[in-house]
Each structure stands twice: as structure tokens, then as C-alpha cells.
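**Q** So that we are looking at the same thing, I have put the structure below in C-alpha cells.
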Amino acid sequence: MAAESYLKATKYSKYTSYRNILYHRFFVGLLLFIVVSLVLTIIFNVYGGSAPRTEHHKSVNLDLFRLPARTVPKNSAFSSPRATNCTYWNCFNVYKCGRGGHDKITIYIYPLEDFKNENGDSIYEFTREFHEILSTIKSSKYYTPNPKEACLLVPSIDTLNQNKFSSEHVSQALQSLEHWDDGENHLIFNMVPGSAPNYNTVVDLNTSKAIIAGAGFDTWTFRFGFDISIPLYSHIAQNIDSTQPKQKNYLIVSTQLNIPEDYLSELQNIASSSNDLLLLNSCPGSNDYTKRCEYTTGKVFEYPDILKEGMFCLVIRSARLAQSVLMDIIASQCIPVVIADTIVMPFNSHVDWNRIAMFVPEQNIRSLQKIVHSVSKERRGELYWQLRWVYDKYFSSVEKMTLTTLEIINEKVFPLAARMYEDWNMPEHLYGPVNPLFLPVTAPKAPGFTAVILTYDRVDSLFTLVRNLVKTPSLAKILVIWNNQNKKPPPSNEWPVINKPLKVILTKENKLSNRFYPYDEIETECQLTIDDDIIMLTPDELEFGFDVWREFPDRIVGFPARLHVWDNTTAQWRYHSEWTNEYSMVLTGAAFHHKIWSWYYTRRMSRDIRDWVDDNFNCEDIAMNFLVSNVTRKAPIKVTPRKKFKCPECTNTEMLSADARHMASRSACVERLAKEYGHMPLRPIAFRADPLQYREPAGGVPQAYPDIGKL
């Protein structure tokens with residue numbers, strides 16, 4: 001029995017061992033198969049899939065010499081007539097847009113060809129303006145050479161002027177385009193629609209489902225939400241500068257030619273009975289477009305110079321609704337008075353014309369004087385000061401008109417990426433940007449503030465500063481921005497032992513703007529931006545500064561203050577560091593501010609300013625003051641009487657701020673920023689916040705902030 005049991009046990013152990021070997025071989029083989037598959041996949045991707053792709057789609061060539069000719073046969077098919085009820089739902093394939101995962105349209109330009117009829121004549125004239133439109137699209141961020149990834153397609157057929165192309169042949173040429181597809185997702189440009197005698201307000205062309213960016217639309221032909229109303233470009237307006245006379249000599253000026261007889265007679269009656277209207281027309285026997293003659297006296301005036309002398313200038317319905325004089329008027333900063341009931345103003349979907357023009361119903365033309373006199377001085381000022389900004393931003397060149405058109409289409413296709421109304425219509429130098437802070441009058445104290453220290457390698461002063469900061473009751477956290485990429489920060493065991501959270505953030509580049517990056521670690525609303533060598537501030541001064549910020553949460557609140565002054569000798573702004581009663585900047589070497597300003601500095605402030613600051617390694621504090629004052633239209637707040645912020649034993653000649661070259665560069669910075677903003681946003685103020693009991697001797701009442709520095 002024992003032998004039999006032994007044999008069974010031996011047989012079972014051999015079976016179990018053999019089964020384990022099979023399992024082992026199976027899993028080893030499976031593992032080898034997986035490894036080999038991964039290796040082969042990697043090799044295939046490296047040597048097969050990652051080979052550089054050749055570019056199959058070349059950018060369109062806009063060279064007008066030796067264009068390939070293409071004949072349009074007489075019996076060619078016509079494109080279908082213009083669809084009158086198009087919207088982005090039924091005439092536009094939005095699924096062709098955003099294929100790259102971005103909120104941006106892509107635009108393809110058809111190759112340039114010289115379309116000819118069977119007689120060998122070109123079916124259209126190629127104009128300089130249309131070439132500028134195509135060049136602008138090609139150089140824009142929207143262009144793509146690949147028609148298959150295009151959201152919009154632009155035919156390279158010049159349809160700007162109705163009188164310079166054959167509607168019949170162009171309709172055939174459009175139909176022959178490779179990707180026409182009944183005009184879906186196509187964009188047609190036109191500035192002069194219709195022809196005599198009807199002068200239609202939309203281009204006489206079979207455009208099918210194409211979007212029309214055209215001038216002269218009326219409310220009957222304009223497909224709201226689909227077409228784009230653009231201005232009629234004026235070569236004269238492009239040469240009008242922004243200089244203005246000391247005063248406006250005329251209340252109303254009319255320089256428009258070809259005014260309909262019934263309206264002209266009404267204007268003649270007004271001009272004959274009042275000096276309010278200067279009515280000008282072409283001079284008899286002269287074809288000089290730069291001359292205008294007064295209706296009553298025949299006096300000769302220079303055009304367009306006379307427009308600058310008028311407070312209001314007339315734009316009246318004529319045979320064509322679109323009038324180039326409109327651009328001349330806006331460029332001259334004369335307030336347009338539009339007398340055309342059904343006109344669709346350029347870029348009407350985004351530009352608020354009520355901010356730059358007046359609209360008088362045609363039936364009220366007899367009451368023109370009364371209507372104009374009823375406009376208050378304040379209203380006139382609002383209209384006047386915005387005119388040139390609108391012209392420079394949207395209408396001053398074919399390039400700007402084209403880019404504005406594309407941006408409007410882009411916002412219609414991607415509405416979530418659209419800019420706000422204020423961005424389109426409210427220039428910052430007049431209104432200031434909308435203040436983003438919606439805070440209570442006094443911010444709560446409980447969350448405290450986060451100290452953001454920018455440092456390079458001054459470890460001793462950094463550690464001293466950290467020890468001082470942690471004594472401030474309201475300190476919540478310390479962030480050390482380590483700006484030295486060639487040297488690692490000290491190990492954790494060498495740092496001071498403190499009772500507040502501290503984190504070191506290693507930067508990728510040595511840039512001053514790193515101090516204003518919106519770090520996720522800043523969880524408090526308030527941040528203290530401070531240099532690593534500002535070790536003389538006491539905990540009482542820091543606590544008091546934070547309490548002052550709580551009452552002014554939208555401003556920069558801090559300690560070192562500076563002033564900007566105008567230098568009559570150089571006719572430039574200058575940086576002033578002497579001790580004065582006034583100041584306009586609080587330097588961010590030791591200042592409290594809301595953390596949103598760091599986000600604004602990084603995300604919304606002009607990239608040119610930020611790059612210039614980083615390249616010159618200077619002026620980030622001045623740039624922050626410009627930014628905040630420009631948005632809030634308020635001055636910063638200086639706290640405590642302390643004025644010295646460097647080591648007491650240093651003499652003035654050893655201080656950086658006393659260096660002439662440093663002062664010159666700071667002055668250059670102030671001047672440059674003023675030019676970047678287009679105005680001077682800094683505001684001087686003669687105010688300082690001190691503790692209530694600062695000068696009172698201790699009379700049994702304990703002071704809240706006893707340790708306040710004297711200088």
C-alpha cells in the first residue's frame with residue numbers, strides 16, 4: 001500500500017510539474033509575442049509612418065503675369081440664380097469647418113486664371129483692390145492651400161465692379177469651378193453692384209448659395225445673418241490724415257455729387273435761408289474732382305480738406321446706395337448724417353453705427369437743421385472722438401476691410417470664439433476696457449494673501465525675506481519663483497523652518513514676466529508681489545498694506561511709488577523717481593494686487609509689450625501699472641511713509657535707481673508704453689494711506705500697527 005501510494009504521488013507530481021511547464025511556456029511565448037509585436041510596430045512607425053510628408057498643395061500664385069488662359073464656351077452651363085433666403089443652416093455646410101480642432105475658419109483661393117470668351121476677350125478686369133483682397137487672405141491666419149480642408153472657398157474672379165465684368169460669362173465661369181457645388185461655402189466680393197438704369201443693390205450675378213461680401217445692400221436684398229455688408233473703398237480717404245483744425249467752421253457740410261433733384265432742392269432751400277449748411281457741388285465747366293463750389297456764392301473749396309471743417313457731413317441716398325464719400329467723411333472726423341432709409345451700413349452686424357453717425361429719415365430732410373441743433377455737445381463729443389478710431393480699425397485700407405470681413409464670418413461660424421461688443425465698439429483710450437472685477441467694497445480678510453517672490457540666486461536675502469513674511473498674520477502661502485535655469489534651488493533641508501506652506505516653482509526661461517504668471521498655486525484673491533531683496537518691510541507694514549488692499553481690491557497697493565512727468569525739452573514722457581507729493585505708479589517690487597491682473601498681464605495685455613519687457617529685462621512693474629490704470633482708470637495706492645527700499649548703508653551712487661542709464665531706459669519704457677496704448681493711462685495722485693494712530697503717541701490705547709517704518 002505504501003509503495004502504491006508512493007507511485008501515485010510520484011505520478012501526480014510529475015503531471016503537475018509537466019502542467020506547470022506548459023503554463024510557463026505558454027505565458028513566456030505570449031509575452032515574447034507581445035514584445036515582438038510592439039517592437040515591429042515601433043519600427044514601422046519610425047521608418048515607415050514618420051517619414052516626412054510631401055506637400056501636395058502649393059500656395060496660390062498671385063503673380064498676374066502670364067496667367068494661364070481658360071476659354072468659357074458659349075454653351076457652358078450657368079450657375080443657378082442667387083438663393084434669396086440663405087442662412088447658415090440651409091446654404092452653408094458648417095461641417096467643413098473646424099476639422100483641425102480649432103475655432104478658426106480656413107479659406108482656399110482658386111488658382112488665378114485668365115477666363116476668356118470664345119472671341120478671346122477677358123470676361124472681367126482684374127483690379128488692384130481685388131488683388132489686395134486675395135493677397136490679404138493668403139497672408140492671413142485663415143488661408144489654406146488645400147481645398148479639401150477649406151471651410152470657405154474664394155473664386156479668383158474679380159467681381160468687385162459690376163461695370164467691369166460680363167455677368168453672363170462670369171456665371172458660366174463660376175459653374176465651371178472644380179469645387180463650386182452650387183456655390184456652397186463660397187465667398188464673393190463686390191463693391192459696385194448693379195448697372196444703369198436700375199442700379200440694383202446686389203450684384204447682378206448668378207451666385208447660387210455663395211456668401212456675398214458686398215457694398216450698397218438695402219434691407220430687401222441683404223440676407224441678414226448670412227451676407228456681409230462692406231464699405232465702398234475710397235482712394236481719397238486713404239490719403240486723409242488725422243490732423244484736425246482748431247475749430248469747426250461749419251455746422252453741416254454737403255459735398256456729395258449726384259444728389260437726387262428732390263433732395264437737392266430741399267438742401268438748396270436750407271442753404272439759401274441759413275448759414276448752418278455749406279452746400280457744395282461740382283464746379284461748372286470743371287472735371288477736377290478735388291474742387292467743390294458753393295451753391296449760393298460759387299466760392300471754390302478744396303476737397304476733401306473742407307470735410308474737416310464741418311461738424312456734420314451729409315450722406316444722402318443716390319442712384320447707388322453705397323457712396324465712397326462716407327469713407328471720406330469718417331476719415332476726416334466729420335460726423336456722418338445718413339439720409340437713406342433702407343441702407344445696410346458696412347459691418348452692421350458688429351459695428352454699432354449709432355456710436356459714430358446720425359440717421360435722419362428721408363421724409364424729415366426738411367427738419368435737418370432742427371434735428372442737428374438738438375444734438376447735445378456731449379453727444380457730439382461722443383460721436384466725434386470715436387470716428388477716427390473706427391476708420392483706422394476697420395476701413396482705412398482694403399487689407400483691414402478684408403480681415404474684418406473674415407473675422408465676422410469666423411465669429412458667425414464659431415460664435416463661442418466671438419469677441420465682445422465692447423471689443424468691437426469701445427476704444428480703450430476713450431472708455432477704458434470693462435473692469436473685470438466684481439468685488440465687494442471691502443474684501444474679506446480670512447483667506448489672506450499669497451506672497452510671490454521672484455528670485456535668481458540671492459539665497460541669503462531670500463531666506464531672510466521668508467522669515468519676515470511668515471510673521472505676517474494674513475500670509476496664507478509663499479511661492480518662490482526660481483528664475484535661474486543654470487542653478488538649482490537649495491535643497492529642502494536648508495530652507496527656513498516655517499509654519500506656512502511654501503512651494504518653489506522652477507521656470508523654463510529667465511524672464512521678468514514670470515512673476516506675473518497666473519499660477520494655479522495662487523488660491524487667494526490677493527497676491528503680494530515682492531523682490532527677494534526687500535527685507536526691510538516689517539510684518540506690521542505688510543499687514544497694514546493688505547488691509548488697505550482689502551478696501552481697494554481693484555488697484556495696486558504697495559510701498560515704493562514713482563511718477564511719470566512730461567518733458568517739454570524732448571516732448572516725451574519721463575520716469576521720475578524723486579520724492580514728490582504726487583505719484584502715478586506703485587512698483588511691484590513690493591505691492592499687493594488682485595490675482596486677475598496676473599492673468600490679464602499674461603493673456604490679455606499686448607504680446608508686443610510683454611516681449612519687449614522680457615527682451616530688455618526691465619519695466620515689467622511699469623507695464624503692470626499701465627495695464628491696471630488703463631482698465632480701472634484709477635491711480636494706485638501708496639501705503640506708509642517708507643521711501644527707502646534698499647540697504648540703509650548703500651549710498652545713492654551705488655543704487656541701481658540712481659544710475660543714469662537705468663533712468664534713461666525707464667523713461668524710454670514709459671514713452672514706449674504710452675505709444676503702445678495710444679494715450680497715457682497713468683493717473684497722478686497725491687494720497688497716502690497711513691495707520692490711524694501713526695503719529696499719535698501711545699496714550700494707553702494700543703496701536704494696531706506699532707512697527708511702521710519712518711523712511
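The values are calculated or read from the model by the stated rules, or taken from the named source; none is laboratory data. None of these values were measured; they are calculated from a predicted model. Note that we place each Cβ from the backbone using ideal geometry, even for glycine, and neighbour counts take in every protein chain shown. All accessible areas refer to the heavy atoms of the entire protein, side chains included, with ligands and DNA or RNA removed. Shrake-Rupley method; radii C 1.70, N 1.55, O 1.52, S 1.80 Å.
**Q** Taking just the alpha-carbon atoms of segment 166-223, what radius of gyration and Dmax come out, in angstrom?
**A** In Å, with Rg to one decimal and Dmax whole: 11.6, 35.
**Q** Which residues' amide hydrogens lie under 5 Å from the amide hydrogen of HIS186, considering only partners 5 or more residues apart or on another chain, with H built in the peptide plane?
**A** LEU153, ILE211
**Q** Ignoring ligands and nucleic acids, what accessible area does THR71 show with a 1.4 Å probe (Å², nearest 10)?
**A** Solvent-accessible area, nearest 10 Å²: 90 Å².
**Q** Quote the Stokes-Einstein diffusion coefficient, in whole µm² s⁻¹, for segment 230-345, based on the Kirkwood radius over alpha carbon pairs, a temperature of 37 °C and a viscosity of 0.692 mPa s. Could you put the intermediate results ahead of the total?
**A** Working: Rh = 14.4 Å.
Answer, rounded: 228 µm²/s.
**Q** Now, a different point. Cα-Cα pairs above 22 Å in segment 52-162: how many percent? Kindly include the intermediate steps, with their values, before the conclusion.
**A** Working: 2833 of 6105 pairs.
More than 22 Å apart: 46 percent of the Cα pairs in segment 52-162.
**Q** Exceeding 23 Å between C-alpha atoms, which entries from my cross-link table qualify? They are LYS104/LYS393; LYS643/LYS675; LYS445/LYS643; LYS487/LYS595; LYS471/LYS634. Before the final figure, lay out each step's value.
**A** On the way: LYS104/LYS393 21 Å; LYS643/LYS675 30 Å; LYS445/LYS643 26 Å; LYS487/LYS595 28 Å; LYS471/LYS634 31 Å.
Flagged as over cut-off: LYS643/LYS675; LYS445/LYS643; LYS487/LYS595; LYS471/LYS634.
**Q** Counting C-alpha atoms alone, how compact is segment 540-628: give Rg to one decimal and Dmax as a whole number, in angstrom.
**A** 14.3, 43
**Q** Give the lysines reachable from LYS58 as a straight Cα distance under 17 Å; neighbours fewer than 8 places away on the same chain don't count.
**A** Excluding near neighbours in sequence, the set is LYS138, LYS141, LYS148.
**Q** Seen from all sides and averaged, what is the projected area of the convex hull of the Cα atoms in segment 492-645, in nm²? Intermediate values should be presented prior to the final figure.
**A** Numbers: hull surface 43.7 nm².
So the Cα hull casts an average projection of 10.9 nm².
**Q** Order TRP566, TRP549, most accessible first, counting only protein heavy atoms with a 1.4 angstrom probe. Please report the intermediate quantities before stating the final value.
**A** Working: TRP566 120, TRP549 5 Å².
Sorted descending by solvent-accessible area, the residues read TRP566, TRP549.
**Q** Also, I was wondering about something else. Under the Karplus relation 6.51 cos²θ - 1.76 cosθ + 1.60, θ = phi - 60°, what is the ordered set of whole-Hz ³J(HN,Hα) values for segment 271-276, x standing for Gly and Pro?
**A** Rounded to whole hertz, the list is 5, 6, 9, 8, 8, 6.
**Q** Convex hull over the alpha-carbon atoms of segment 81-122: what's its volume per residue in Å³? Write out the running numbers ahead of the final one.
**A** Values: hull volume 5.6 nm³, N = 42.
So the per-residue hull volume is 132 Å³.
**Q** Provide the gained length on full extension for the span ARG633 to PHE33, in nm with one decimal, where the gain is 0.36 nm per separating residue minus the Cα-Cα distance.
**A** Working: separation 600, 0.36 × 600 = 216.00 nm, distance 6.95 nm.
Gain on stretching ARG633 to PHE33: 209.0 nm.
**Q** Report the Rg/Rh value for segment 122-207, based on alpha-carbon coordinates and the Kirkwood definition of Rh. It would help to have the intermediate numbers written out before the result.
**A** Details: Rg = 13.4 Å, Rh = 13.8 Å.
Rg/Rh: 0.97.
**Q** With a 1.4 Å probe and all protein chains left in place, how much of the accessible area of the chain comes from carbon and sulfur atoms, in whole percent? The partial results should precede the final answer.
**A** Numbers: 19260 of 36360 Å².
Percent of accessible area from carbon and sulfur atoms in the chain: 53.
**Q** Run down the lysines and flag those whose C-alpha is under 28 Å from the C-alpha of LYS299, throwing out any fewer than 8 positions away in its chain.
**A** Within reach: LYS246, LYS248, LYS291, LYS308, LYS370.
**Q** When Lys and Arg each count +1 and Asp and Glu each count -1, what net charge do the other residues less than 10 Å away from ILE343, Cβ to Cβ, add up to?
**A** Working: positive: ARG317; negative: ASP218, ASP341.
Net local charge, ILE343 excluded: -1.
**Q** Given just the C-alpha atoms of segment 178-277, how large is their convex hull per residue in cubic angstrom?
**A** Values: hull volume 17.6 nm³, N = 100.
Spelled out: Cα convex hull of segment 178-277, divided by residues, is 176 Å³.
**Q** Could I ask something else about it? Would you list GLU541, GLU294, GLU149 from the most to the least accessible area, probe 1.4 Å?
**A** Details: GLU541 0, GLU294 40, GLU149 85 Å².
Listed by decreasing accessible area, they come as GLU149, GLU294, GLU541.
**Q** I'd like to compare 241-251, 527-537: which one has the highest average count of other Cβ atoms within 10 Å, and what's the full order after that?
**A** Details: 241-251: 11.7, 527-537: 22.2.
Ranking, from highest mean packing down: 527-537, 241-251.
**Q** Note the full-extension length gain between GLU582 and ASN163 as 0.36 nm times their separation in residues minus their Cα-Cα distance, in nm to one decimal. Walk me through the numbers on the way to the answer.
**A** Details: separation 419, 0.36 × 419 = 150.84 nm, distance 6.44 nm.
Answer, rounded to one decimal: 144.4 nm.
**Q** Could you work out how far apart the two model spin labels at GLU551 and ALA686 are, taking each label as a point 7 Å from the Cα in the direction of the beta carbon, and quote it in nm?
**A** Roughly 2.0 nm, to one decimal.
**Q** Something else about it: Please find the FRET efficiency linking THR290 to PHE224, where r is the Cβ-Cβ separation and R0 is fixed at 30 Å, and quote it to the nearest 0.05. List each step's numbers first, then the result.
**A** Working: r = 38 Å, r/R0 = 1.26.
It comes out at approximately 0.20.
**Q** Using label points projected 7 Å from each Cα along Cα→Cβ, tell me how many nm separate ARG661 and LYS58, to one decimal.
**A** 5.2 nm
**Q** Also, quick follow-up: Once the Cβ-Cβ distance between ARG66 and GLU523 is put in as r, and R0 is 56 Å, what FRET efficiency do you end up with, to the nearest 0.05? Can you show the working numbers first?
**A** Values: r = 65 Å, r/R0 = 1.16.
The formula returns an efficiency of 0.30 here.
**Q** Rank SER59, SER135 by accessible area, highest first, at a 1.4 Å probe radius? Spell out each step's value before the answer.
**A** Working: SER59 70, SER135 40 Å².
Greatest to least solvent exposure: SER59, SER135.
**Q** For ASP181 and THR87, calculate 0.36 nm times their separation in residues minus their Cα-Cα distance, and state this gained length in nm to one decimal. The partial results should precede the final answer.
**A** Details: separation 94, 0.36 × 94 = 33.84 nm, distance 1.65 nm.
Full-extension gain reported as 32.2 nm.
**Q** With contacts defined as alpha carbon pairs under 8 Å and 6 or more residues apart, what's the relative contact order of the chain in percent? Write out the running numbers ahead of the final one.
**A** Details: 1211 pairs, mean separation 58.6, N = 711.
That works out to 8 percent.
**Q** Percent of Cα-Cα pairs more than 18 Å apart in segment 304-381, please. Numbers along the way, then the final one.
**A** Working: 1237 of 3003 pairs.
It works out to 41 percent of all Cα pairs.
**Q** If I take R0 = 56 Å and measure r between the Cβ atoms of ASN616 and ARG25 in this structure, what FRET efficiency does the formula 1/(1 + (r/R0)^6) give, to the nearest 0.05? Walk me through the intermediate numbers first.
**A** On the way: r = 69 Å, r/R0 = 1.24.
Efficiency, rounded to the nearest 0.05: 0.20.
**Q** Can you compute the charge dipole magnitude of the chain about its Cα centre, using +1 on each Lys and Arg Cβ and -1 on each Asp and Glu Cβ, nothing else charged? Give it in debye, rounded to the nearest 20. Walk me through the numbers on the way to the answer.
**A** Values: 77 positive and 78 negative charges, 453 e Å.
Roughly 2180 debye, rounded to the nearest 20.
**Q** Moving on to the next point. Express in % the proportion of alpha carbon pairs of the chain at distances exceeding 33 Å.
**A** Values: 164821 of 252405 pairs.
Cα-Cα pairs of the chain separated by over 33 Å account for 65 percent.
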